[in-house]
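Enquirer: First the structure, then my questions, so here it is.
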Amino acid sequence: MTDKSYTETEEYQKEIAEQYKKRVAVFPTDEVVKTCKLLGISIDPSSLFQAMAGNVNATYITKDYVVKMNQDKKERTYYSNKVIFEALGVDTPVVEVLAYDFFEKTPYEVLIMKRSSGTMLLDDIFDLTPQSQKDLFRQVVKVVKKMLAIDFDNFGNVNSDRSFPTYTDYLKHTFTENAKQIRKQKLCEEKDITRIEEYFLKQINIFDNEQAVFVHTDMHMGNILHENEKLTAVIDFDHSLKAPPSRVLLSLLGFIDNPSQFAEGTDYYPKYKGKNFYHLFPVLKEELSDIFTDPLLLKKLNLLGIREGVDWVAANWSTEWNKEMIGNLVNKETPDSDEGLADSYYGKILSH
């Protein structure tokens with residue numbers, strides 16, 4: 001949702017790379033091996049390496065397994081991967097979970113998955129023809145549709161025990177908590193967060209009567225594995241939500257409009273800088289036609305985008321990026337009338 005002026009600088013890319021180093025936990029190889037053994041899985045320590053590119057969780061890979069470990073007992077981080085695998089099973093190209101533990105058999109939260117075959121789309125999407133990209137993307141969206149068929153009777157983070165009766169309640173709660181953090185850390189001027197808050201809370205009841213479904217909130221080329229034009233797996237369900245179907249569009253539209261945002265702070269960024277995949281947009285609209293026919297879709301995406309922007313500012317990854325995001329939220333994403341939404345971030349995307 002930014003103009004990308006600061007995000008495109010080398011300074012920002014270095015800043016985000018450093019933030020990843022600070023925020024990603026590192027476990028000794030012998031600790032990873034020992035932990036997996038407690039769950040009945042033997043790993044060759046010589047084949048183990050840590051995945052670093054844009055990954056905020058401790059993720060370790062061998063030729064056969066992917067292991068995620070978390071030492072924070074406050075909340076589950078990986079449970080949603082188990083939920084989706086149990087719901088869709090081996091007949092759908094999603095992660096195959098072999099073991100999951102939350103501080104019972106091990107001193108950690110641990111997720112062990114079978115390593116899926118194929119190449120990460122992040123590595124070679126530009127080697128595919130536009131038609132092959134479309135064919136593969138259609139398979140991805142069909143998996144998304146299977147996820148959207150999984151419903152819940154409440155809203156919230158799939159990993160969390162806390163739930164909310166409506167999506168409005170969930171959004172109000174998370175927005176308010178993030179606004180508190182922004183004010184506490186003085187990450188922007190009070191008048192700016194107040195304007196954003198008043199705009200958001202005035203309209204958020206648009207989500208009062210939604211149906212909760214399983215939503216993968218981070219669907220992009222780094223979480224898609226394939227063999228040529230065949231999808232082999234959708235991965236990384238760590239941040240999945242019980243949310244309305246429209247929520248799935250945030251990452252999918254971001255993938256189409258500005259894929260470089262998913263490669264920030266990594267060696268992949270130069271390859272994606274300035275690129276887009278708008279030729280995939282008709283596939284998305286065709287496969288998710290029920291969502292795109294919603295007359296309130298733009299207003300919903302606008303509010304969801306504002307909440308996401310406030311969330312990222314509260315996480316405080318970059319002082320200069322925070323200023324840029326707050327400026328965009330105030331000047332472009334909180335118009336005085338609905339007509340102004342045409343010039344908002346999602347207004348411009350949907351106009352294609």
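The values are calculated or read from the model by the stated rules, or taken from the named source; none is laboratory data. The structure presented is a predicted model; accordingly, all values stated were derived computationally and were not measured. Note: ideal-geometry Cβ built from the backbone for every residue, glycine included; neighbour counts use all protein chains shown.
Enquirer: Given the stretch 245-315, what helices (runs of 4 or more DSSP H) lie entirely inside it while holding 3 or more residues that are within 24 Å of ILE150 (Cα to Cα)?
Expert: The helices (runs of 4 or more DSSP H) meeting that bar are 249-257, 281-287, 289-292, 297-315.
Enquirer: Give me the pairs, please: first residue somewhere in the stretch 12-35 and closer than 21 Å to THR62 by Cα and in contact (Cβ under 8 Å) with a residue 40 or more places away in the chain, second residue anywhere and of a type in the set (Val, Ile, Thr) and surrounded by fewer than 19 Cβ atoms within 10 Å (Cβ to Cβ), beta-carbon distance under 6 Å, and either six or more positions apart or on two chains.
Expert: Close Cβ pairs (under 6 Å, with a partner that is of a type in the set (Val, Ile, Thr) and surrounded by fewer than 19 Cβ atoms within 10 Å (Cβ to Cβ)) amount to THR35/THR106.
Enquirer: Can you name the condition, by its number, that SER246 falls short on among (1) surrounded by fewer than 19 Cβ atoms within 10 Å (Cβ to Cβ); (2) under 19 Å from the mean Cα position of the chain (by Cα); (3) among the polar types (S, T, N, Q)?
Expert: (1)
Enquirer: Yes or no: ILE182 at pLDDT 95 or above, surrounded by 17 or more Cβ atoms within 10 Å (Cβ to Cβ), among the aliphatic types (A, V, I, L, M) and out of contact with any strand residue (DSSP E or B) (no Cβ under 9 Å at 6 or more places or on another chain)?
Expert: Details: at pLDDT 95 or above: yes; surrounded by 17 or more Cβ atoms within 10 Å (Cβ to Cβ): yes; among the aliphatic types (A, V, I, L, M): yes; out of contact with any strand residue (DSSP E or B) (no Cβ under 9 Å at 6 or more places or on another chain): yes.
When the stated conditions are applied, ILE182 passes them.
Enquirer: Among the candidates PHE281, PHE277, PHE292, single out the residue that is surrounded by 14 or more Cβ atoms within 10 Å (Cβ to Cβ), closer than 27 Å to ASP336 by Cβ and in the same structural domain as PRO245 (by TED's automatic domain parsing).
Expert: PHE292
Enquirer: Another question about this same structure. So which of ASP72, ASP91 is modelled with pLDDT under 95 and touching an Asp or Glu at 6+ places or on another chain (Cβ under 8 Å)?
Expert: From the options ASP72, ASP91, the qualifying one is ASP72.
Enquirer: Could you tell me which numbered condition ILE235 fails, if it satisfies all but one of (1) touching a residue at least 12 places away in the same chain (Cβ under 8 Å); (2) surrounded by fewer than 17 Cβ atoms within 10 Å (Cβ to Cβ); (3) not acidic (Asp, Glu)?
Expert: Against the list (1) touching a residue at least 12 places away in the same chain (Cβ under 8 Å); (2) surrounded by fewer than 17 Cβ atoms within 10 Å (Cβ to Cβ); (3) not acidic (Asp, Glu), ILE235 comes up short only on (2).
Enquirer: Go through (1) farther than 29 Å from ASP161 by Cα; (2) buried (at least 16 other Cβ atoms within 10 Å of the Cβ); (3) among the charged types (D, E, K, R) for ASP338 and report which single condition fails.
Expert: With respect to (1) farther than 29 Å from ASP161 by Cα; (2) buried (at least 16 other Cβ atoms within 10 Å of the Cβ); (3) among the charged types (D, E, K, R), ASP338 is out only on (2).
Enquirer: Can you give me the number of residues within the stretch 309-329 that are within 23 Å of ASP169 (Cα to Cα) and either surrounded by 18 or more Cβ atoms within 10 Å (Cβ to Cβ) or at pLDDT below 95 (or both)?
Expert: 5
Enquirer: Of all residues in the stretch 272-320, which are touching a Phe, Trp or Tyr at 6+ places or on another chain (Cβ under 6 Å) and acidic (Asp, Glu)?
Expert: GLU320
Enquirer: If we scan the stretch 147-160, do we find a residue that is of a type in the set (D, E, K, R), over 19 Å from the mean Cα position of the chain (by Cα) and more than 18 Å from GLY309 (Cα to Cα)?
Expert: Scanning the stretch 147-160 turns up at least one residue that is of a type in the set (D, E, K, R), over 19 Å from the mean Cα position of the chain (by Cα) and more than 18 Å from GLY309 (Cα to Cα).
Enquirer: Cβ-Cβ distance below 8 Å, separation of 6 or more or different chains: which pairs start in the stretch 311-326 with a residue that is at positive phi and end on one that is crowded, with 16+ Cβ neighbours inside 10 Å and among the charged types (D, E, K, R)?
Expert: Final answer for the pair search is none.
Enquirer: Of the residues in the stretch 316-352, how many are closer than 15 Å to GLN185 by Cβ, outside any loop (DSSP other than H, G, I, E, B) and aromatic (Phe, Trp, Tyr)?
Expert: 1
Enquirer: Report, by residue number, each residue of the stretch 143-176 that is of a type outside the set (A, V, I, L, M, F, W, C), touching a residue at least 40 places away in the same chain (Cβ under 8 Å) and in a helix (DSSP H, G or I).
Expert: LYS145, LYS146, TYR167, THR168, TYR170, THR174
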